[in-house]
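Comments concern the structure below.
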Amino acid sequence: MTATYRVSLAMIVRDEARCIERCLESVRELVDEMVVVDTGSTDDTVALAEAAGATVHHVTWADDFAAARNVALGHCTGDWVLVLDADEWLVSGAEVVTSLRSAEPVFTGAVEIASPTSDGTVTMIRQVRVLPSGARYTGRIHEQPDVIGEERALDVRLEHDGYLAEQLASKAGRNRRLLEMSLAEDPENPFLWFQLARAHDVARSPAAACLGFERAYQLTGPTGPTPPPWRHPFVVRFLACLVMTGRTQDAIDFAVSELEHWQGSADFQFMLGHALHQHALAHPELQPEVLPLAEDAWLTCLSLGDSSLPGATIGHGTFLAARQLVSLYESLGREPDAARLRPLTQP
Ligand SMILES: [Mn+2]
């Protein structure tokens with residue numbers, strides 16, 4: 001007889017009427033209970049959660065995500081806990097979640113999260129979302145759970161629409177305020193500066209984002225031999241924001257200084273190509289020298305394929321790089337090269 005373990009869903013929510021049913025419906029059949037902790041909704045979130053079969057508890061919001069998540073974990077009676085946010089839903093891997101019922105809760109599971117962004121791309125991250133019941137969170141914002149046992153990559157995919165522009169306005173201000181509170185307590189923490197920069201980045205304020213990225217960079221220096229998981233999205237988004245603010249020379253200098261570490265990342269090569277291309281457009285006299293370097297970077301993307309590093313964008317090693325090359329070749333009148341790559345431009 002295999003032992004049977006119970007699986008709980010744990011969520012914290014606030015004003016999620018837009019999306020909470022989609023989230024709960026996606027996992028309802030896979031878990032033994034759904035525990036929702038409401039932190040002060042004024043819309044129909046609580047009624048919708050209860051109608052979908054969840055047990056709803058209430059806490060007073062104390063500007064602390066980890067504290068609220070730990071209340072939810074404390075109400076769970078399962079041996080395993082699956083942690084979701086209301087703006088996420090399960091798109092594949094149901095059988096993996098179900099299989100937890102016969103898995104001893106001695107490891108921690110990371111799932112894939114695909115986030116469409118307002119520029120039409122999809123970024124991928126892996127996050128720990130499957131926890132043995134004793135695990136707890138720390139961190140006022142961008143809270144992290146304890147990793148109990150080994151961390152395993154699970155073949156489970158969530159989709160997340162919280163980065164889309166229409167969802168940003170309501171929560172972006174709150175997240176920036178929490179980050180600023182955390183930075184007041186811990187001003188030398190580069191991860192917090194990175195997160196503040198990302199909050200500005202997703203809100204499409206690249207100049208403000210650059211200030212945060214620069215502060216994070218001052219505190220860390222160049223990438224070392226064992227970078228933290230956030231280093232890859234840091235390098236890629238810092239490059240993107242430098243280019244967006246017209247600082248193409250700074251972007252190229254930064255990319256060159258990080259090249260040795262990240263040359264195997266299609267996301268890095270894509271942004272390097274973008275920085276070189278924009279620099280050439282701004283300085284036409286440099287085009288004969290610089291455009292071939294942009295071309296090389298994007299061809300490298302195609303030879304690497306999409307990366308599986310944190311914060312990878314789907315297409316940077318495939319169709320998005322092909323599109324950049326096709327439009328470059330078209331602008332240079334290199335029609336045979338454009339024609340050769342056109343079949344690769346579809347996702
Ligand atoms: Mn979200």
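Coordinate-derived values only; no laboratory data. Please read all numbers here as calculations on a predicted model, not as lab measurements. Neighbour counts run over all protein chains shown; Cβ positions are idealised from the backbone, glycine included.
Assorted remarks:
- 0 to 90° range, to nearest 10: angle between helix 165-185 axis and the chain longest Cα axis: 80
- Relative to the dominant Cα principal axis of the chain, helix 231-244 is inclined by about 50°.
- Folded to 0 to 90 degrees: helix 206-220 orientation relative to the chain principal axis, Cα: 80
- Computed over the chain, the per-residue total of -39500 (n - 2.57) for DSSP H runs of n ≥ 4 gives a 222 nm mean residue ellipticity of -15000 deg cm²/dmol, rounded to 500.
- Using the average count of surrounding beta-carbon atoms within 10 Å as a protection proxy, the listed peptides 185-196, 326-337, 227-238 rank, highest first, as 227-238, 185-196, 326-337.
- Working note: Debye formula, equal point scatterers on the alpha-carbon atoms of the chain, no solvent; log10 I(q)/I(0) at q = 0.11, 0.14 Å⁻¹ is -0.80, -1.17.
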